[in-house]
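Let me begin by presenting the structure, written as structure tokens, before commenting on it.
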Number of protein chains: 2
Amino acid sequence: MESLKLGGMLHDRKIESTPEYMRKLFIMPDSSDRFVEFGVHLLDMIHDFFKEKGGIHSSISMEDLAKIFCNIEMPSQPQLIRDVLDEIKNNIIKHSVKVANPYYIGHMTSAIPYFMILLEMIAVSLNQNQVKIESAKASSFVEREFLCWIHQLIYRNSTEFYKKHIQNPKIALGNITSDGTVANLTALILAMAKAFPPDRKGFRGVRVEGLARALDHYGYRQALFLVSKRGHYSICKAGTILGVGEQGIIRVPVQPCINKIDINKLQCIVHKIRKEDKAVGLPTKFVALVGIAGTTETGNIDDLEALSEIARDLGAHFHVDAAWGGGALLMDGARDMMKGIEKADSVTMDAHKLLYAPNSMGICVFKDIDDSRNLYHTSNYIIREGSVDLGRFTMEGSRSFSCLKPWAAVKIIGRHGYKLIFDHARELQKTFVEFIERDTLFELMNKPELFIINYRFVPEEFRTLLKSLMKNPRRNSDRITAINKVINALNIELHKTIRDHDMSFVSRTRLESTRYAPRKIVVLRAITINPNTERYMLRQILNEHRNMGIRLWNGMKKTCQETMGILAAAS
Amino acid sequence: MESLKLGGMLHDRKIESTPEYMRKLFIMPDSSDRFVEFGVHLLDMIHDFFKEKGGIHSSISMEDLAKIFCNIEMPSQPQLIRDVLDEIKNNIIKHSVKVANPYYIGHMTSAIPYFMILLEMIAVSLNQNQVKIESAKASSFVEREFLCWIHQLIYRNSTEFYKKHIQNPKIALGNITSDGTVANLTALILAMAKAFPPDRKGFRGVRVEGLARALDHYGYRQALFLVSKRGHYSICKAGTILGVGEQGIIRVPVQPCINKIDINKLQCIVHKIRKEDKAVGLPTKFVALVGIAGTTETGNIDDLEALSEIARDLGAHFHVDAAWGGGALLMDGARDMMKGIEKADSVTMDAHKLLYAPNSMGICVFKDIDDSRNLYHTSNYIIREGSVDLGRFTMEGSRSFSCLKPWAAVKIIGRHGYKLIFDHARELQKTFVEFIERDTLFELMNKPELFIINYRFVPEEFRTLLKSLMKNPRRNSDRITAINKVINALNIELHKTIRDHDMSFVSRTRLESTRYAPRKIVVLRAITINPNTERYMLRQILNEHRNMGIRLWNGMKKTCQETMGILAAAS
């Protein structure tokens, strides 16, 4: 059957759905030539996608996309690989988001080095399952080496320590996870186990007996986690999962603009809880204090040094969520910004963020190697006693060999290369901030540290007025609020217009921690990490936003009678 | 700088670590020819790996592997892509496990169709992040369509239902997860939320107030989950995570050999708990009852129909873990085997198992579409009210476009193609069982249903003896135990020998649910899902095991004086 030959598959138009055909799908074509035939076809498709100018998001409407993907049942008969690839080209690639576009500066998902495609090809071909050494031999060792690098990057222990533990199968320097959320969850699971350990009075630990009995046994009235209001929503999610509830996650206010946890307020909150403890007659267990190295919305970094001391005083696990900022430790000066990170009991870092790996891979490293035993699992068939399987420590079961990508990337790019990439990102950040600060129609809304800039469009009429009103914010409170309400609405419209125009992309959020705190202020959010974004592009982007803002405001002005009245009264 | 041109990278031996070089790493080479240069190099590497005869696991020792991967710090200077690829070839690919080898029949990780490499190339190139529509446009719709297929495969609702909901952004027919463990966890998180919902008395639900207050508010003394002893260890893991503890997971015995949950014993357990409830004066909340469609160790399927009724009576969420068996629903006759699965409130299925996707991707579908609201999350910057982002429902945050692979595979293979693949797997299972049953030196240890066969080597001397002793198992209990102890030790040695010889691979586990229950019996475990495994290979594999077993037993016999004594006394 000539039509079943693999080399022919690309061009033949018929398939006979036979066992032989199915079996051949599982065999690598005899020569790589044949496979390359597909590969070239594919690479052309990918090329076209990247070369295409214009829209970042395809202009197709959600309704029309829904119409394309509306087959409610699995297809019955096999289709030619070529036809499916064409379908992917026309229906999926065409309508994908060009996250690598240098004008796409709105999310943490950005361009990745093209060699990642090669590495992914290797990883998928090998199809190792990291859960078990029997299905992941060299890759288990690669994973341990990579975790050692990250551990060393953060904790900088002695050479001796790492020589001893880099390939020590009895412990884990950390875990590779599917993303930062699971990495944070892993750390907080660990914190729970440490907060309510087994003891000599017959209590077998929270992992065995559960939270209700743990609280009862240790005589606590509640278990709490502390994190700033800028904490990633995965921390709240973890609260709902771990049985303490969202209520168990105490979200501490941050200092306006700098978005760092307010240490005084943190202490006040703890003090208040301790007072309540006394009234109730039962203490609270602070399970973990979470510091942030690069908040998702603002890129700012908590005072980790101060937090580590408070955590110690509280007897709480100190976790640092550096999902965003962790990779930036390779940048000059970053260690000073993150001083104290080496005191964290655990640290989360995402490879798909500042290590520029594809979506998605999280990392969680543990300071104290014995801590990993608190995550230990066994089972007869998958993990026997004495095993060296990585799966003993992970929350997930089956896992791909995803760490090959950042492992090889670190080799290809080198620490020095990452430094250069971050220099560029920092330069762009500086440029963007300058552009904003020099422009009378934009207001900078945070003090950028790690490549995230919050800003907003402010109409000429409001600029000086807001400034003077803010000299006595209490007396002018209502007017400040009213004006910000209008500016909020304007920036929401502006963001929609940016998205519709689709030449560039920034994201949008709402912060309570600007100079107008505690008012919730709508801000635009730019992230300057794409190595292909250039200074002139940022200029273009801001010019565009500026013109859109002016146009929108001209149309909106008349409808804002009330605020304009306030404005008139003030001037 | 000629040496920085991408086309040249493959051959040039020098890198200047400059910003320009780094920037270029992020740009797809101008012509696909240049990229293909790498691609061909890579494919040759992959080819070599697959073509190489002999060892499934590389023979390198753990100690020597540890020596290769012992660089304790990230490299400082960039290395040529070519050099890193060569390093990967020599140090990683060479020492990877050949999970696609047709003689590797020991784990659920097996061969994947080669077109998965192409699909993975597309997914990584697009680098969409499924968490948010702003970074995943068409791919969000693909994911919903794929989830609809799986929902339809299991629940077979009306065409109307699916037309209405396939692309309904307000709900989720299911979640794509990183693996089956997270899929199971997702289902049990959902079950918890449903067990302790918000009410009109001011209780805001377990997700907000936590487990201790939920128990208190609803007046329960404890929250329990029920699953059989063959349940995957992810269920116990979920117990430790969700705050009920391992103790909160009640593991119900199964019927010997068929490994299905013992319905009578389940009812006895519930009855006993209810009695204790009365004594304590507080009821127990049964949060969820978990049925299994394809246990990990034995491939057997619970009586899902009966379980669904019990779950209903208990007011418990009924979850089916079909991580293994779910894909087999495409096989003729499988629906009868899994009767009742359509009554499950949620079902887990793994794409990297019987859909033959690469490691790893889990799926969890929800019967009642309103249930997905119990998983709902929002956050200002990432998920706004009114959003259509997939991330609202998922436990994970950032997620790759992994569903492209099974989505396209289902098109390329077709339902009919999967049917053919499973026909082959079933045929192999039947063959293997026949070989074992005809051979006086092997004993079949389960009643295979979904391609998993448990068996062991039994020396000639023990075979008939055990049979006659088992006619009166109570009287002969000690002798049966003693003999099995020897056979256990023998099979552990046999398994080690198989691994050392490395011509084939089966796995090993220890079951309490054989005909010798409750004794723990060491068994070998074969999984016949590789489309390239053939009948004659199974014959070869068993012959090899047979010969090894005989040799081992000859060496061992003399040292087993005691058991041989028992043997002598009995004969």
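Every read-out reported here was derived from the displayed coordinates using simple, explicitly stated rules and does not represent laboratory data. Please read all numbers here as calculations on a predicted model, not as lab measurements. All Cβ positions, even for glycine, are placed from backbone atoms using ideal geometry, and neighbour counts span all protein chains on display.
Cut-off under 16 Å on the C-alpha distance; same-chain residues fewer than 8 positions from residue A:447 excluded. Which aspartates and glutamates are left, in chain and number order?
A:262, A:297, A:302, A:303, A:427, A:434, A:437, A:512
Given Cα pairs under 8 Å that are at least 6 residues apart, what percent is the relative contact order of chain A?
Numbers: 916 pairs, mean separation 95.3, N = 571.
Relative contact order comes out at 17 percent.
I want the local charge near residue A:487. Using Cβ-Cβ distances under 9 Å, sum +1 for each Lys or Arg and -1 for each Asp or Glu among the other residues.
Values: positive: A:456, A:485; negative: A:443.
Value of the local net charge: +1.
For residue B:305, place a label point 7 Å from Cα along the Cα-to-Cβ direction in every copy; what are the distances to the other copies, in nm, shortest first?
7.1
Label position 7 Å from Cα toward Cβ: report the copy-to-copy distances for residue B:70 in nm, one decimal, ordered from shortest.
Ordered by increasing distance: 6.3 nm.
Mind sorting B:346, A:58 by how few other Cβ atoms lie within 10 Å of their own Cβ, fewest first? Write down the numbers at each step before the final one.
Numbers: B:346 28, A:58 19.
The order, fewest Cβ neighbours first, is A:58, B:346.
For the pairs A:132/A:170; A:339/A:411; B:339/B:367; B:237/B:485; B:164/B:367, flag any whose C-alpha to C-alpha distance is greater than 22 Å. Walk me through the numbers on the way to the answer.
Working: A:132/A:170 14 Å; A:339/A:411 26 Å; B:339/B:367 15 Å; B:237/B:485 30 Å; B:164/B:367 15 Å.
The pairs that break the limit, which is 22 Å between Cα atoms, are A:339/A:411; B:237/B:485.
Under 1.5 on a/c is rounded, so check that first for the stretch B:416-570, then, if it is not, pick prolate when a/b is larger than b/c and oblate when it is not; a ≥ b ≥ c are the square roots of the alpha carbon gyration tensor eigenvalues.
On the way: a/c = 2.48, a/b = 1.70, b/c = 1.46.
Taking the square roots of the gyration eigenvalues as a ≥ b ≥ c, the stretch B:416-570 is prolate.
If each label sits 7 angstrom from Cα along the C-beta direction, how far apart, in nm, is residue A:489 from its counterparts in the other copies?
8.5
Compute the Cα gyration tensor for chain B, then decide on rounded, prolate or oblate, letting a ≥ b ≥ c be the square roots of its eigenvalues: rounded whenever a/c is under 1.5, prolate when a/b is larger than b/c in the other cases, and oblate in all that remain.
Note, shape of chain B comes out oblate.
Just grab the label-to-label distance for residue A:73 and residue A:48, each label 7 Å out from Cα along the Cβ direction, in nm (one decimal).
Result: 3.2 nm between the two label points.
Net charge near residue B:162, counting Lys/Arg +1 and Asp/Glu -1 over other residues with Cβ under 12 Å of its Cβ? Working shown, then result.
Working: positive: B:144, B:156, B:163, B:164; negative: A:73, B:145, B:160.
Surrounding charge for residue B:162 is +1.
Mean separation of Cα pairs under 8 Å and 6+ residues apart, divided by the residue count of the stretch A:418-530: what relative contact order is that in percent?
Working: 141 pairs, mean separation 31.5, N = 113.
Relative contact order for the stretch A:418-530 comes out at 28 percent.
Would you please give the FRET efficiency between residue B:368 and residue A:83, computed as 1/(1 + (r/R0)^6) with r the Cβ-Cβ distance and R0 = 30 Å, to the nearest 0.05? Spell out each step's value before the answer.
Values: r = 36 Å, r/R0 = 1.21.
Rounded to the nearest 0.05, the efficiency is 0.25.
Please arrange B:260, A:94 by counting, for each residue, the other beta carbons lying within 10 Å of its beta carbon, fewest first. Don't skip to the end; give the middle numbers.
Numbers: B:260 24, A:94 16.
In order of increasing Cβ crowding within 10 Å: A:94, B:260.
May I ask which residue of chain B has the beta-carbon nearest to the axis carrying chain B onto chain A, and at what distance in whole Å?
B:243, 1
Based on the Cβ-Cβ distance from residue A:501 to residue A:272, what FRET efficiency comes out when R0 is 60 Å, to the nearest 0.05?
Working: r = 48 Å, r/R0 = 0.81.
So the FRET efficiency works out to roughly 0.80.
Pick out the long, greasy-scoring helices in chain B: whole DSSP H runs spanning 24 Å or more along their own axis by Cα, mean Kyte-Doolittle at least -0.5.
Values: long enough: B:32-51 (27 Å, 0.18); B:138-155 (25 Å, 0.48); B:263-280 (25 Å, -0.41); B:404-438 (44 Å, -0.19); B:477-501 (35 Å, -0.34); B:535-556 (31 Å, -0.71).
TM-like helix candidates: B:32-51, B:138-155, B:263-280, B:404-438, B:477-501.
Taking other Cβ within 10 Å of each residue's Cβ, how do B:70, B:257, B:148 sort, fewest first?
Details: B:70 15, B:257 18, B:148 27.
Fewest to most other Cβ atoms nearby, the residues stand as B:70, B:257, B:148.
With a sphere of radius 15 Å drawn around the Cβ of residue A:205, what net charge do the other residues whose Cβ falls strictly inside it have (Lys, Arg +1; Asp, Glu -1)? Please report the intermediate quantities before stating the final value.
Details: positive: A:194, A:200, A:201, A:204, A:207, A:213, A:285, A:373, B:237; negative: A:199, A:209, A:216, A:370, A:371, B:246.
Every neighbour counted, the sum reads +3.
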